[in-house]
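A.B. asks: Dumping the structure here so I can ask a few things about it.
No lab work stands behind these numbers, since they all come straight from the coordinates. Fair warning: this is a prediction, and the values are worked out from it, not measured in the lab. Counting neighbours? That spans all protein chains shown, and the Cβs are built from the backbone with ideal geometry, glycine included.
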Amino acid sequence: MAALIDGKKISAEIKEELKEQVARLKEQGKEITLAVIQVGQDPASTVYVGNKKKACAYIGIRSLAYELPEETTQEELLELVRSLNAREDVNGILCQLPLPGHIDEDKVIRTISPKKDVDGFHPESVGLLSIGQKGFVSCTPAGIIQLLKRSGISIDGKECVVIGRSNIVGKPMGMLLLRENATVTICHSHTENLKEVARRADILIVAIGQRKYVTAEYVKEGAVVIDVGMHRQENGKLCGDVDFDSVEPIASAITPVPGGVGPMTIAMLMNNCVESVLDA
């Protein structure tokens, strides 16, 4: 039976460490402020934004909320981002995705100052990661590295397979694993013999966006399995990209859904907010 990798517990530990750091920074007269922008009322986005505000309040980070109507124009949004870039009292800017269809997400991401890009999505942040230099790292992949390290799972020298090549998870995940001296394979919809490739993995990270896609036949005996997916089933319960019931008996360690990767994303966002002040 696999050990459960408890994202709730590990994220709580990180938040406690950050809370202490923020308190010390406040004693030095340094306040951290995160500006959160949401356009429209997408229900999932509203939940995520609420969770980010709660995390800020707990850690001691000031949050500014900009809840804009669905019909906000691209230029109005870009003007808000530029004004926040110029404010010395704002350290981080987060624009909740997805944005309404009439707004170019890439243009918005590129407009956020790289110095305030706490989501780690700006091309400059991605470029720094790709050449192994310090910069903001996309929160979900950074959280997965912390999950592995704080669970005592060695990455160095291991064969790691990432299923999914998105800009937000798959690609930065591969680069972070390389930074930790893993041997990395990134798979996607055109990968031939996906099951055979996945079965090579000592650490299998699944971010394919399809409910319960990865079953026992994708997993090597004793592998560590990290499930990035999040889906709501017909019965209302949440599940991931991994068929937990079939994979759990084979794996040596596995993340549950919910309570695995999800809480780590917000913990690492908070970490990036603190970094924005430490590196200023």
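A.B. asks: Between I186 and residues 5 or more places away or on another chain, which pairs have amide H atoms under 5 Å apart, with H built 1.01 Å from N, and which residues are they?
C.D. replies: V162
A.B. asks: Given the rule -39500 (n - 2.57) for each run of at least 4 DSSP H residues, summed and divided by the residues of the chain, what is its mean residue ellipticity at 222 nm, to the nearest 500 deg cm²/dmol?
C.D. replies: Taking each H run of at least 4 residues, the total per residue is -12500 deg cm²/dmol.
A.B. asks: Amide H of V242 versus every other amide H placed in the peptide plane: which residues, excluding those fewer than 5 positions away on the same chain, fall under 5 Å?
C.D. replies: K212, Y213, V214, G229
A.B. asks: Run down the aspartates and glutamates and flag those whose C-alpha is under 13 Å from the C-alpha of K53, throwing out any fewer than 8 positions away in its chain.
C.D. replies: Reachable aspartates and glutamates: E67.
A.B. asks: Which of rounded, prolate or oblate describes segment 52-99 when judged by the alpha-carbon gyration tensor and an a/c cut-off of 1.5?
C.D. replies: oblate
A.B. asks: Among K220, K54, what is the fewest-to-most ranking by other Cβ atoms within 10 Å?
C.D. replies: Ascending number of Cβ neighbours within 10 Å: K54, K220.
A.B. asks: If you filter segment 74-153 for GluC sites (Glu not before Pro), then keep DSSP loop positions with at most 13 other Cβ within 10 Å, what is left?
C.D. replies: Loop-located and lightly packed - E88.
A.B. asks: Turning to a different aspect of this structure: Picking from P114, L77, A57, whose Cα lies most toward the positive end of the charge dipole for segment 29-115 (charges on Cβ: Lys, Arg +1; Asp, Glu -1)?
C.D. replies: Looking along the dipole axis, the top candidate is A57.
A.B. asks: Let me ask another. Neighbouring Cβ atoms within 10 Å as the yardstick, rank I131, I112 fewest first.
C.D. replies: Ranked by crowding around the Cβ, least crowded first: I131, I112.
A.B. asks: Which links in K54/K158; K15/K237; K9/K195 stretch past 30 Å when you go from one Cα to the other?
C.D. replies: In this structure, K54/K158; K9/K195 exceed 30 Å between Cα atoms.
A.B. asks: Reachable aspartates and glutamates from K134, Cα under 17 Å, same-chain residues fewer than 8 places away excluded?
C.D. replies: Correct list for K134: D117, D119, E124, E180, E275, D279.
A.B. asks: A further question follows. What ³J(HN,Hα) values, in whole Hz, does the Karplus curve 6.51 cos²θ - 1.76 cosθ + 1.60 give for segment 64-74 when θ = phi - 60°, with x put for Gly and Pro?
C.D. replies: 10, 9, 10, 9, 9, x, 3, 7, 3, 7, 4
A.B. asks: Give me Rg/Rg_expected for the chain, where Rg uses Cα atoms only and Rg_expected = 2.2 N^0.38 Å with N residues.
C.D. replies: That works out to 1.01 for the chain.
A.B. asks: Here is a follow-up. Give the residue from S189, I144, L278 lying farthest towards the positive end of the charge dipole for the chain; charges sit on Cβ (+1 for Lys and Arg, -1 for Asp and Glu) and the dipole is referred to the Cα centre.
C.D. replies: Checking the options against the dipole of the chain, the answer is L278.
A.B. asks: Give K26/K149; K8/K116; K171/K212 a once-over and call out the pairs whose C-alpha atoms are over 25 Å from each other.
C.D. replies: Distance filter (> 25 Å) returns K26/K149; K8/K116.
A.B. asks: Among the DSSP beta bridges whose two residues both lie in segment 29-115, what percent are antiparallel, rounded to the nearest 5?
C.D. replies: 0
A.B. asks: Rounded if a/c is under 1.5, else prolate if a/b is larger than b/c, else oblate: which is segment 139-262, with a ≥ b ≥ c the root eigenvalues of its Cα gyration tensor?
C.D. replies: rounded
A.B. asks: What share of the DSSP beta bridges in the chain is antiparallel, in percent to the nearest 5?
C.D. replies: About 5 percent, rounded to the nearest 5.
A.B. asks: Oh, and also: Once both labels are modelled 7 Å past Cα along the beta-carbon direction, what's the Y213-A57 spacing in nm?
C.D. replies: 3.6
A.B. asks: Rounding to the nearest 20 debye, state how big the charge dipole of the chain is about its Cα centre with +1 on each Lys and Arg Cβ and -1 on each Asp and Glu Cβ.
C.D. replies: So the dipole magnitude of the chain works out to roughly 540 debye.
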